[in-house]
Every structure is written in C-alpha cells, then in structure tokens.
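The values are calculated or read from the model by the stated rules, or taken from the named source; none is laboratory data. Please read these numbers as outputs of a predicted model, since none were measured by experiment. Ideal geometry is used to build each Cβ from the backbone, glycine not excepted, and the neighbour counts take in all protein chains shown.
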Ligand SMILES: Nc1ncnc2c1ncn2[C@@H]1O[C@H](COP(=O)(O)OP(=O)(O)OP(=O)(O)O)[C@@H](O)[C@H]1O
Ligand code: SF4
Ligand SMILES: [Mg+2]
C-alpha cells in the first residue's frame with residue numbers, strides 16, 4: 001500500500017511537468033505581453049518592470065527559472081496584482097472553491113443517490129418517472145442558466161438567501177452557489193444510480209442471496225449496494241474535474257472571490273504566473289481526484305489490485 | 001385430470017406454468033408440470049439446453065426473474081408456496097428448499113468473502129453465532145474435498161477455481177441442512193475426476209442425512225449414478241417420467257430413446273461417432289398445439305398434431321411411469337428408430 005502511494009505520487013510529477021511546460025509555451029506563444037496596454041508606458045519604466053519580473057531574459061532562461069521556483073513550491077509573483085504572490089491568491093480563493101465544490105458533490109451524491117435508489121425500487125411508477133423526467137431536464141440545463149433562476153427565486157422573490165455581495169462571507173453565501181453547481185450532477189447521479197441499481201438487482205448473485213432466505217434489507221445492503229455504487233465511482237473522477245471548471249462560471253455569477261475569477265482575469269491580462277499557477281492547481285486537483293477514485297475502486301472491489 | 005398428490009410427498013407440483021410476456025402474446029417457458037418428490041428420494045430431470053430446467057427450479061423457490069406469471073401449485077409438506085408471502089418464502093428458502101445454482105461464478109457475490117456468503121444464511125435462518133456458522137462452513141467444505149478450508153473461507157470467489165466455486169455453492173446450500181436440495185447441473189462445469197468426487201459426496205450425503213434431491217442435468221449418464229427416478233423434459237414440458245432403472249431399460253418416449261441412444265457407452269467402439277438427435281428443439285417455448293417433438297420424431301403421424309397428454313406408460317404396471325406420446329406400439333421397438 002505504501003509503495004503504491006509512493007509510486008502514484010512519483011508518477012504524478014511528470015504529468016505536472018508536462019502541464020507546466022505546455023502552459024508556459026502556450027502563454028509565451030500568445031501575442032502580447034503582460035505589460036503591454038493601451039496606455040503606452042514610458043519605455044524606461046516598461047523596461048524596469050520587465051526586468052523586475054525577468055521578462056527581459058531569453059525565454060529558455062525564464063522557463064528554467066520558473067521550474068526552479070516550482071520545485072521550491074513557489075508559483076511566483078502575480079503580474080497584475082502587485083505585491084501579491086500566486087501562492088497567496090490560491091490560499092485565499094481555494095477554500096471557497098473547495099467549499100462549494102465539496103458541498104455540491106456531497107449534495108449530488110446524497111440526494112441523487114437517494115432519488116436514484118427510490119426510482120429503481122419501483123420502476124415505471126410515479127416515484128420513478130417524475131424524478132427521472134426532472135433529472136433529464138436538470139442534465140440539459142447548464143449551470144449558468146440555473147444559477148440566475150435560483151437567484152431570482154430564492155434571493156429576489158423569497159429573500160431567503162443572499163445572492164452575492166460577498167463581504168467577509170458566511171456559509172449562507174455559499175448555499176445558492178453550491179446548489180446551482182450541484183443540480184446537474186444530482187440529476188446525472190440519480191440516473192446513473194437508477195440504471196445501475198436496476199441492473200444489479202437482475203444479477204444472479206442477488207438471486208443467490210434471496211435463495212438463502214435473506215430479507216430485503218440484507219439483500220439490498222449487503223449484496224446490492226456495493227455493485228450499484230461502482231459506476232458512480234468511475235463517474236466521480238471526471239465529475240470532480242468538471243465541478244472545478246463549473247465553479248469558475250458559478251463564481252462569476254455569484255461574485256465569489258474564489259480562484260476561478262482570477263483564472264479568467266489572469267488569462268485576459270496575460271498574467272503568466274497566475275495562469276500557469278492556476279492551471280497547475282487544477283491539474284493537481286484532477287490528479288488527486290483520479291487517485292481518490294482508484295483508491296475507492298480498490299477499497300470497494302476485491303478484484304482490483306493496487307499494484308499497477 | 002392431474003394425479004392426486006400422494007399425501008406423503010415432500011414436494012408436490014401440479015400444473016406448474018411459467019409465462020412471460022412476448023411480442024406476440026404470452027410465451028410459456030414451462031407448462032403443465034406435475035412432479036412429486038418423496039422424502040429421501042433423488043429425482044433426476046434431464047433435457048436439452050433451453051428446455052426450461054433452470055426455470056423450473058427457480059419457480060419452485062419463487063425466484064423467477066422479471067415480469068413473470070406463474071400458474072399451478074407448488075406444495076412443500078402440503079403448504080402452498082406459489083404466491084406465498086415474502087415472509088413465508090424467506091422461512092422456506094435455504095432452510096427447507098436449497099438451490100445450487102448452475103453458473104457458480106455469477107451466482108457468487110464477487111465483493112464478499114466466501115465465509116460471509118456461506119455463513120449469512122445459517123446465521124439469519126438458524127441464529128447460529130458467527131463462530132458456529134464459520135465452523136460448519138469449514139466442515140462442509142472439507143467434506144467436499146476442498147483442502148485448507150480456513151484459507152478458502154477468507155478468499156473471494158475470483159480466487160477460487162471453477163470446480164471449487166461449484167463445490168462452495170453446494171456446501172453453501174447445505175449450510176441449513178435443507179429437506180430438499182435442488183441441484184442445477186452441479187457437475188457440468190467440473191472435470192471428470194472432480195465430477196466423480198462431487199457425485200460421491202452427494203451420494204454419501206443422501207445416505208447419511210436422507211436429504212431429498214432434484215438433480216437437473218442434460219447428461220443421462222450422470223443421472224444413472226444418482227437418481228432413483230428420472231423426468232425427461234422437452235420444450236417446457238415433462239414428456240416421460242419413470243423409475244431410473246426402468247427408464248434406462250425401456251424408454252417409452254422417442255425423445256428419451258434418442259437421448260439414451262446418443263449416450264456414450266463403455267462398449268461403444270472408440271471410432272464410432274456419437275449420434276445426436278437431428279434437428280433443433282423449438283425456440284418458441286411450450287405450446288399447446290400438438291407434440292413439440294413431432295418435427296424431429298421418426299414416429300410422427302397424423303395424431304401427433306394433437307397434444308399428447310401424460311398417460312401411464314404401461315397400463316399393466318401403472319407405477320412404471322408416465323409418458324406423453326401418441327405412439328402405443330411395443331416399447332422394444334423404440335430403440336431401433338434412431339440410426
Ligand atoms: N429472464 C428470461 N427472460 C426471457 N426468457 C427467458 C429468461 N430466462 C430464460 N428464458 C428462456 O426460457 C427457456 C428455458 O430456459 P432455462 O434456462 O430454464 O433452460 P435450461 O433447460 O436450464 O437450459 P440449460 O441447460 O442451457 O441451462 C429458454 O428458452 C430461455 O431463452
Ligand atoms: S406424440 Fe408423435 S411426434 Fe410426439 S413423440 Fe410421440 S410419436 Fe413422436
Ligand atoms: Mg439451466
């Protein structure tokens with residue numbers, strides 16, 4: 001187990017290096033630099049600024065310098081936010097993203113799972129068809145449509161929850177964004193769980209369990225639950241990644257100071273270090289997500305061995 | 001019409017039918033099944049693949065899958081099981097009737113240890129402690145010639161060989177010491193040596209505990225080693241039923257005669273090709289229009305367009321068995337109809 005962990009950790013490093021290199025190359029291939037703007041600066045000042053951020057050096061030297069900083073865990077200074085490092089931006093923004101992402105996935109798993117199981121317990125009934133129709137709609141409607149609708153209903157009509165105006169921030173500010181982010185995943189998970197549960201209940205080993213005279217509860221919990229969850233685990237890897245990108249949009253709508261809005265701002269302003277840092281962050285989170293999925297697989301299924 | 005159940009019968013089946021909705025109306029997987037199983041008896045059921053043997057065993061335990069309509073009656077010690085409540089069925093399953101499934105790999109839960117799967121039934125049904133159930137499982141595995149049972153119990157199904165899984169399934173069915181053991185091709189997946197071992201164990205089990213059995217197979221040779229009585233199935237119906245010795249000596253149905261004819265025998269010269277019955281069994285399930293075997297039967301004649309009902313095979317000796325065939329010539333002639 002320890003060897004497996006170590007090996008996975010080491011194999012993540014080349015992936016991150018590739019991500020860093022690609023991000024670096026793409027940014028430097030994009031025309032324009034961080035300090036070109038409509039206001040033409042005095043040439044001297046521009047040179048001074050570029051020298052401060054080592055932008056006057058040859059590209060390969062900038063690249064090596066960047067990698068060296070990375071190896072020391074330093075993502076460099078932001079170009080647009082003066083006197084702020086990328087590390088600081090992440091430290092401030094990431095907790096908000098993790099909070100709404102985590103809440104969204106948790107909500108989607110619990111609620112989607114329950115709806116899916118309920119639907120599968122009576123296929124063809126109202127308990128099945130109503131939620132499944134809603135789920136189909138939920139999957140088709142993107143977050144940026146759901147979010148304003150939620151704001152309209154819960155914030156502007158009912159005045160139950162704040163819609164934005166993040167000041168200091170309380171958990172109540174995170175509820176609507178989490179919900180908006182969660183709904184499509186909830187819908188998708190409900191459908192996956194329903195299909196999987198129906199499939200599993202037709203499995204031969206469920207019949208064996210019944211043939212032993214076990215009650216419904218024992219059959220469901222001991223024999224049906226685990227295989228039902230397996231497709232969910234495979235879905236969770238990609239889902240974690242798309243929750244991250246989804247939260248970029250949600251942050252914009254609700255005006256949350258997560259890292260997503262810095263990502264967009266950084267890209268528009270050619271803030272090289274900021275964009276590279278956040279790209280690496282997303283890459284690392286996706287790697288961690290997939291790693292967790294693999295661990296879940298091995299934990300759930302005795303046929304999966306952790307020695308690849 | 002149907003014979004009265006003999007009152008001492010352990011398991012008594014009358015007019016059992018299994019119907020599934022099909023594109024052009026209901027399709028019958030089984031029709032008009034009548035069976036009696038006496039205490040301590042071993043009843044063999046034989047028939048080609050797809051004739052409904054597995055469906056029959058599942059229906060006896062109320063384990064039919066999907067959207068199925070059942071007809072008729074299945075009584076265990078006089079108690080009706082067809083349409084019984086889930087609670088009643090749960091008390092019967094595993095403890096009174098236990099089933100050894102055909103496909104051992106898919107019948108076992110891949111996510112649970114052998115020990116969990118073997119002991120959960122006995123713990124729920126008999127209230128055995130974890131320890132006592134584990135001990136019983138180990139003893140049963142050992143009696144089925146599985147070495148290192150303690151280690152096997154800690155393993156998962158995929159870590160066992162096919163033969164071992166099949167024996168685990170048999171041991172699992174024996175955990176609650178059932179009154180009736182239903183065996184669905186328990187030896188088909190095994191190689192010849194293990195097959196002989198398993199048959200020996202089952203025979204020994206009968207001698208020791210007197211458990212009654214229904215032994216399903218498509219191999220008449222295997223039944224010769226264990227069955228007291230044999231029922232022959234064709235296209236969802238029983239076409240002949242007789243004491244084993246009687247059936248092997250004088251088959252009364254052309255299909256039975258064909259099955260016996262295609263059996264390899266010790267005195268068959270090695271270079272002769274084994275004959276099989278030409279043609280295919282019908283795919284449409286059990287019908288009520290004429291004899292289902294007619295397209296393959298050398299003796300088919302005009303009366304065979306009417307459904308042959310089960311009748312006494314031999315009017316002078318009614319106990320010798322029943323047969324569903326319009327042919328009423330001398331039984332000796334049946335052997336010669338197959339080339
Ligand atoms: N779930 C199902 N839905 C529809 N048809 C089914 C189902 N299960 C079985 N059948 C059909 O019922 C018929 C009898 O099947 P069954 O499995 O009982 O045959 P069998 O005699 O056990 O054959 P084998 O020797 O191959 O095990 C087959 O024609 C099969 O196609
Ligand atoms: S009823 Fe007719 S067709 Fe059917 S087995 Fe007998 S002789 Fe052959
Ligand atoms: Mg079968």
Within the range B:155-166, restricting attention to residues that are surrounded by fewer than 19 Cβ atoms within 10 Å (Cβ to Cβ) and part of a helix (DSSP H, G or I), which residue is farthest from the other protein chains (Cβ to nearest Cβ)? B:162
Picked from the range B:99-109 (must be buried (at least 20 other Cβ atoms within 10 Å of the Cβ) and within 7 Å of another protein chain (Cβ to nearest Cβ)), the residue nearest to residue B:38 (Cα to Cα) is B:99
Does residue B:174 fit the bill of being at pLDDT 90 or above, closer than 13 Å to residue B:100 by Cα and touching a helix residue (DSSP H, G or I) at 6+ places or on another chain (Cβ under 9 Å)? yes
So if I check each of A:217, A:133, which one is away from chain B (no Cβ under 14 Å) and either free of Cβ contacts under 8 Å to residues at least 24 places away in the same chain or surrounded by fewer than 20 Cβ atoms within 10 Å (Cβ to Cβ) (or both)? A:133
Does residue B:46 qualify as being free of Cβ contacts under 8 Å to residues at least 40 places away in the same chain, buried (at least 20 other Cβ atoms within 10 Å of the Cβ) and either within 16 Å of ligand 3 (Cβ to nearest atom) or within 14 Å of chain A (Cβ to nearest Cβ) (or both)? no
Here the residues within the range B:17-58 that are more than 13 Å from ligand 1 (Cβ to nearest atom) and at pLDDT 90 or above are B:32, B:34, B:35, B:36, B:37, B:38, B:39, B:40, B:41, B:42, B:43, B:44
Got at least one residue in the range A:276-285 being at pLDDT 85 or above and surrounded by fewer than 17 Cβ atoms within 10 Å (Cβ to Cβ)? yes
Could you please let me know if residue B:190 is over 24 Å from residue B:13 (Cα atoms), outside any loop (DSSP other than H, G, I, E, B) and within 16 Å of ligand 1 (Cβ to nearest atom)? no
Among the residues that make up the range B:189-203, is at least one of them within 18 Å of residue B:41 (Cβ to Cβ), within 20 Å of the chain's Cα centre (by Cα), modelled with pLDDT of 90 or more and surrounded by fewer than 16 Cβ atoms within 10 Å (Cβ to Cβ)? yes
Is at least one residue of the range A:75-89 part of a helix (DSSP H, G or I) and free of Cβ contacts under 8 Å to residues at least 40 places away in the same chain? yes
Some residue of the range B:134-154 being touching a strand residue (DSSP E or B) at 6+ places or on another chain (Cβ under 8 Å), at pLDDT below 95 and either facing chain A (nearest Cβ under 9 Å) or crowded, with 18+ Cβ neighbours inside 10 Å (or both): no
Among (1) free of Cβ contacts under 8 Å to residues at least 60 places away in the same chain; (2) within 13 Å of chain A (Cβ to nearest Cβ); (3) surrounded by 14 or more Cβ atoms within 10 Å (Cβ to Cβ); (4) closer than 17 Å to residue B:285 by Cα - the single one residue B:84 does not satisfy: (4)
Looking at B:331, B:286, B:231, which one is surrounded by 15 or more Cβ atoms within 10 Å (Cβ to Cβ), within 16 Å of ligand 3 (Cβ to nearest atom) and modelled with pLDDT under 85? B:286
Considering only the range A:232-270, how many residues are surrounded by fewer than 17 Cβ atoms within 10 Å (Cβ to Cβ) and within 14 Å of chain B (Cβ to nearest Cβ)? 0
Could you tell me whether residue B:102 is more than 16 Å from ligand 3 (Cβ to nearest atom), closer than 30 Å to residue B:248 by Cβ and at pLDDT 90 or above? no
Entirely in the range B:65-144, the helices (runs of 4 or more DSSP H) that have 3 or more residues that are touching a helix residue (DSSP H, G or I) at 6+ places or on another chain (Cβ under 8 Å) and in the same structural domain as residue B:173 (by TED's automatic domain parsing): B:104-107, B:114-126, B:130-143
Go through the range B:118-133 residue by residue and tally those that are closer than 20 Å to residue B:89 by Cβ and within 12 Å of chain A (Cβ to nearest Cβ). 7
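Could you please let me know if residue B:314 is in a loop (DSSP other than H, G, I, E, B) and touching a residue at least 24 places away in the same chain (Cβ under 8 Å)?
yes
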